[in-house]
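Bear in mind these aren't lab numbers, they're just calculated from the coordinates by the rules spelled out. Just so we're clear, the structure is a prediction, and the values are computed from it rather than from any experiment. All Cβ positions, even for glycine, are placed from backbone atoms using ideal geometry, and neighbour counts span all protein chains on display.
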Amino acid sequence: MGAPLHKFKSKLPLLPPSIFANMTQLAEQYNAINISQGFPNFEPDPILLELVAKALKSGYNQYAPMGGIYSLREVISEKIESLYGKTYNPSSEICITVGATQAIFTAISAFVWPGDEVIVFKPAYDCYEPAIIANGGQPILIQMEGKDYAINWKSFRAHIGAKTRMVIINTPHNPSGKVFSNDDMLQLQECLKGTNIILLSDEVYEHIVFKGNSHESASKYPYLAERSFVCASFGKTFHATGWKMGYCAAPATLMKEFLKIHEFNVFCVNHPFQVALAEYLKTAYNYLSLGSFYEKKRDLFLDRISSSKFSFTPTQGTYFQLLDYSNISNESDLEFGKRLVEEHRLACIPISVFNKDHLDHRQIRVCFAKTEETIIQATEILSSL
Ligand SMILES: Cc1ncc(COP(=O)(O)O)c(C=O)c1O
């Protein structure tokens, strides 16, 4: 026997299998209703589909400019200015990306050096930590507190040190649905002021915010904006997660470094979809109506389980709702989630997989970005437990 053909050291040796892949596979195996993964089971606006079809037939089928087509960056800049009062230069401060995921990975690759620390609040969406580790950084995990996932800013401040290179926040927050308050953002700003720390603000659910809450973008806060990458997703906003289209905005000096990685990672992003999105974004209603669209779905979902044994606080934003099942079972959330699929044909996500040290509050996450029919079927099952 010779030496093994492929000798290498994995950059992500401890990566657990994705809970989304697991749950989706289980859902298929048991022919279950799948409200686990965060994507709509309905189509985007036909007007947007028409704009894509038109762009495809109008000759936009070769490489786009590296950072994105100007008309799309311009309309994004106008949108941010009108919503959050911050002006980004379309040419030097906005980049179109392959979904928010690429924006996040690229920002981390551009700034995180081996040995650097990156603060991540748990529970956290699953793409942050692998990106930090693959770039040699060390994730510093801070658990949000209690079943409502409050942030203890005093403890946050205590975690900042000489090695802290970046902080990642996500508001509205997946999986908890928490929307960071003005006070949260002011406290964060106070902690970061005068430091050399970069803020990566994942705001993919910025338009899915419900009555009584407002989206507090990092771009609204001058001492945050000056150090921030604000990341967004057209997939989430326009019911088109399969397109993998997104963008990020940052001050020119930071964006210059970001683009050096972007250029040799993807170079540029799907051209005809950019042309269509540039046109569609001109109508502000297309994104401003999203909150009330999903609020109706949230309310339908919660009304229909109001007399069930689940307890819950209505989610403030995102299309996720947490449900506490401690009145139903003492099982761990992993066991409960598995049994829900196998015995009741309903797939949800156990929250412990997102938490630090797999902290288990006996909560599951459901996604209500579903048709009325699916919501009715899912809530019937939940009410029967
Ligand atoms: C918090 C969060 N960030 C980023 C993403 C990825 O966004 P995209 O599909 O645009 O890459 C998701 C997708 O579920 C998410 O929930």
For Met144, distant residues with modelled amide H under 5 Å away: Lys122
Cα coordinate range in the chain, projected on the principal axes (Å, largest first): 62, 55, 49
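Taking Cα pairs under 8 Å and at least six residues apart, what relative contact order does region 46-282 come out at, in percent?
Details: 438 pairs, mean separation 72.5, N = 237.
About 31 percent, as a whole number.
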Share antiparallel - DSSP beta bridges, the chain, percent rounded to 5: 45
Spin-label pair Ala284/Leu12, simplified geometry with 7 Å Cα→Cβ offset, distance in nm: 3.9
Length added when fully stretched, Val266-Ser311, from 0.36 nm per residue minus Cα-Cα: 11.7 nm
Lys, Arg +1 and Asp, Glu -1 on Cβ, resulting dipole of region 228-313 about Cα centre, debye, nearest 20: 220
Trp113/Ala53 FRET efficiency (R0 35 Å; Cβ-Cβ; nearest 0.05): 0.20
Virtual spin-label span in nm between Asn89 and Asp45, 7 Å along Cα→Cβ: 3.1
FRET efficiency, 1/(1 + (r/R0)^6) with R0 35 Å, evaluated for Glu190 and Arg304 via beta carbons: 0.25
Placed amide H near Ala240: partners under 5 Å, 5+ positions off or other chain: none
Cβ crowding within 10 Å averaged over residues, with 201-207, 369-375, 148-154 ranked highest first: 201-207, 369-375, 148-154
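Place the peptides 111-118, 309-316 in order of packing, highest mean first, counting for every residue the other Cβ atoms within 10 Å and averaging per peptide. Each step should come with its number before you reach the end.
Numbers: 111-118: 17.1, 309-316: 18.9.
In decreasing order of mean packing, 111-118, 309-316 become 309-316, 111-118.
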Point-to-point label distance, Lys211-Glu78, nm (Cα→Cβ direction, 7 Å offset): 3.1
